[in-house]
Amino acid sequence: MYVRTGKWEALILAAVFGLILGAAPASAQEPDGAALYKQHCKACHGGKGVPSKQMLTIYPALKALADTGAFAKLPTDSVIAAMRHGKGTMKALADVLTPEQMAAVAKFIKAM
């Protein structure tokens with residue numbers, strides 16, 4: 001049996017299917033690198049990528065992320081590797097951040 005649909009019904013069906021098929025899950029959104037930096041990195045590296053004098057007295061080898069521009073020139077993979085495995089006294093973040101989150105933080109750091 002053939003059912004004839006009107007123009008409006010067809011448009012509504014097309015819109016519904018478009019929303020269902022085109023909707024991206026919330027987890028597919030890129031993580032917020034700035035928020036993750038603030039949560040996991042700011043305490044040591046400073047809010048603007050420059051460690052405080054107090055942190056430098058505790059960790060003299062602590063790197064400034066923003067003032068030299070050196071991090072902007074580093075490959076993103078190198079920044080992510082430092083987060084994943086740790087470096088010097090910095091603890092590894094592999095158990096804390098997902099690879100996507102580390103990539104978002106690295107992108108944020110490189111833009112400082």
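Taking the criterion of being touching a helix residue (DSSP H, G or I) at 6+ places or on another chain (Cβ under 8 Å) and without any contact (Cβ under 8 Å) to a residue 24 or more places away in the chain, the residues of the range 46-61 that qualify are Gly46, Gly47, Pro51, Met55. Residues in the range 82-93 that are under 17 Å from the mean Cα position of the chain (by Cα) and surrounded by 15 or more Cβ atoms within 10 Å (Cβ to Cβ): Ala82, Met83, Arg84, Leu93. Looking only at residues in the range 94-110 that are at pLDDT 95 or above, within 16 Å of Gln39 (Cβ to Cβ) and not small (Gly, Ala, Ser), the one that is surrounded by the fewest Cβ atoms within 10 Å (Cβ to Cβ) is Asp95.
What do you reckon, is Lys53 closer than 27 Å to Lys110 by Cβ and either surrounded by fewer than 10 Cβ atoms within 10 Å (Cβ to Cβ) or modelled with pLDDT under 75 (or both)? Yes: the conditions hold for Lys53.
Hey, can you tell me all the residues within the range 78-106 that are among the β-branched types (Val, Ile, Thr), in contact with a helix residue (DSSP H, G or I) (Cβ under 7 Å, 6 or more places away or on another chain) and part of a loop (DSSP other than H, G, I, E, B)?
Matches in the range 78-106: Val96 only.
Scanning the range 64-74 for residues that are in contact with a helix residue (DSSP H, G or I) (Cβ under 9 Å, 6 or more places away or on another chain) and either of a type in the set (Asp, Glu) or more than 13 Å from Gly49 (Cα to Cα) (or both) yields Lys73, Leu74.
The values are calculated or read from the model by the stated rules, or taken from the named source; none is laboratory data. Predicted, not measured: the structure shown is a model, and the values here were computed from it. Here Cβ is always computed from backbone atoms with ideal geometry, including for glycine, and neighbour counts include all displayed protein chains.
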